[in-house]
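The values are calculated or read from the model by the stated rules, or taken from the named source; none is laboratory data. What you see is a predicted model; the values in this text were computed from it and never measured. Here the Cβ positions follow ideal geometry from the backbone for every residue, glycine too, while neighbour counts run over all protein chains shown. Each accessible area value is taken on the protein alone, full model and side chains, heavy atoms only, with ligands, DNA and RNA left out. Shrake-Rupley method; radii C 1.70, N 1.55, O 1.52, S 1.80 Å.
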Amino acid sequence: MGVEACRVGATAEALSDAWHRCSLHSHLGALLSLVLIAGLGRYTGTQGGEVAGGDGRSHAQERFQTSIDEAADRGRLGKRSAAYPGAQSDGFRGCAVAAVVVLGGLGLVLALTTEPIVAVLPGGLLAAVLVSLWFDQRTSKKNQGFRLDLYEYGLTAVVKGQVHAVRYDSTSVLQRSIRHTGATGYTEYWYTLTDIDERDIVLRGRSDGVVKKGQFARPEEWGTAIQQGVTQEQFPKALAAINSGESLSFGKLWVSREAVGSARDSAKWAQIEEVRVIDGYIKIKMAGKWRSLGATAVTTPVVSEMPNFFVFLALAEHLRRP
């Protein structure tokens, strides 16, 4: 009788353990579902920070539309060709939400099925991802106040709440880029332009899509468009001035019909085989050798200090031809 009672007790205990395991798994599944719903809710609720209009623009951008149109009209910029918002994250936020779900679920599994201390590592990683996601969302929301529109004869830019109009035929452009090497190599871009009211504005971006405050999306596109627009508008006038006997200044360099030079050095166009940018410095090739037009590093012309560098480059290519 005692043996049978023991067997019944053991069976009841086994059934109780099985019930608790099933209950644990059921609760765990519910908790994982809650984590997934919360993660997805946070993602969809903060995508871009504001609801987009029917044309894809956020309400923050639409608030600037009247001022942008007025600035474009005042600058006589012509027809709009493209628009670029302040940089917004897409890929990172999606990956971050997936990481939140995975790490949150893993942390719960470890906390409920093993020693709680084992869940510290995924918990720490989860906290780091959540902090990164918060900063990413915060920066993306701030960037909604930035916008760049390209037109036939120039551009408008909303920077720090101010709307600027820039004409390609009159602006001065300084440009700088820094290439970061490594496993996640990327390039940062800076363009400093003078608007029609003679105020300087800075347009920034980076090639890898990582969101930083005050940057514009897809800088390779709008940067190239600015270079081409300024060159197209200013090159003919610059060439006409040089052909009439004038010398033009491009930062530390001057350009005439016969030669190019700096305060300390010069070279005849007939002797120059090629003009190229090497490590950020402007170099000329003469008799098969590369050299600069500055006697020292201080006087050597640097691209980032040369206004309208691409206009200079177009002139150099034209004037050095036989």
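General observations
- Hits in the stretch 285-311 - residues which are of a type outside the set (D, E, K, R) and closer than 24 Å to Lys237 by Cα: Pro301, Val302, Val303, Ser304, Met306, Pro307, Asn308, Phe309, Phe310, Val311
- Subset of the stretch 226-241 (residues that are open to solvent by less than 30 Å² (accessible area, probe 1.4 Å) and hydrophobic (A, V, I, L, M, F, W, C)): Ile226, Val230, Ala238, Leu239, Ala241
- Matching residues, the stretch 293-306, being modelled with pLDDT of 80 or more and buried (at least 17 other Cβ atoms within 10 Å of the Cβ): Leu293, Pro301, Val302, Val303, Met306
- Among residues of the stretch 63-108, those that are part of a loop (DSSP other than H, G, I, E, B), modelled with pLDDT under 75 and surrounded by fewer than 16 Cβ atoms within 10 Å (Cβ to Cβ), counted: 1
- Screening the stretch 247-292 for residues that are more than 18 Å from Ala314 (Cα to Cα) and not small (Gly, Ala, Ser) and picking the one that is modelled with the lowest pLDDT gives Arg264.
- Taken over the stretch 135-161, the criterion of being modelled with pLDDT of 90 or more and either hydroxyl-bearing (Ser, Thr, Tyr) or open to solvent by 40 Å² or more (accessible area, probe 1.4 Å) (or both) is satisfied by Tyr151, Glu152, Tyr153, Thr156.
- All conditions in (1) at pLDDT 95 or above; (2) open to solvent by 20 Å² or more (accessible area, probe 1.4 Å) hold for Leu315, with the sole exception of (2).
- Residue in the stretch 183-191 that is buried (at least 18 other Cβ atoms within 10 Å of the Cβ) and modelled with pLDDT of 95 or more present: yes
- Tally, over the stretch 242-263, of residues that are open to solvent by 40 Å² or more (accessible area, probe 1.4 Å) and of a type in the set (A, V, I, L, M): 1
- Selection within the stretch 173-197 - in contact (Cβ under 8 Å) with a residue 40 or more places away in the chain, over 16 Å from the mean Cα position of the chain (by Cα) and assigned to a strand (DSSP E or B): Val173, Leu174
- Candidate set: the stretch 276-289, residues that are under 18 Å from Val173 (Cβ atoms) and of a type in the set (A, V, I, L, M, F, W, C); chosen: the one most open to solvent (accessible area, probe 1.4 Å): Val277
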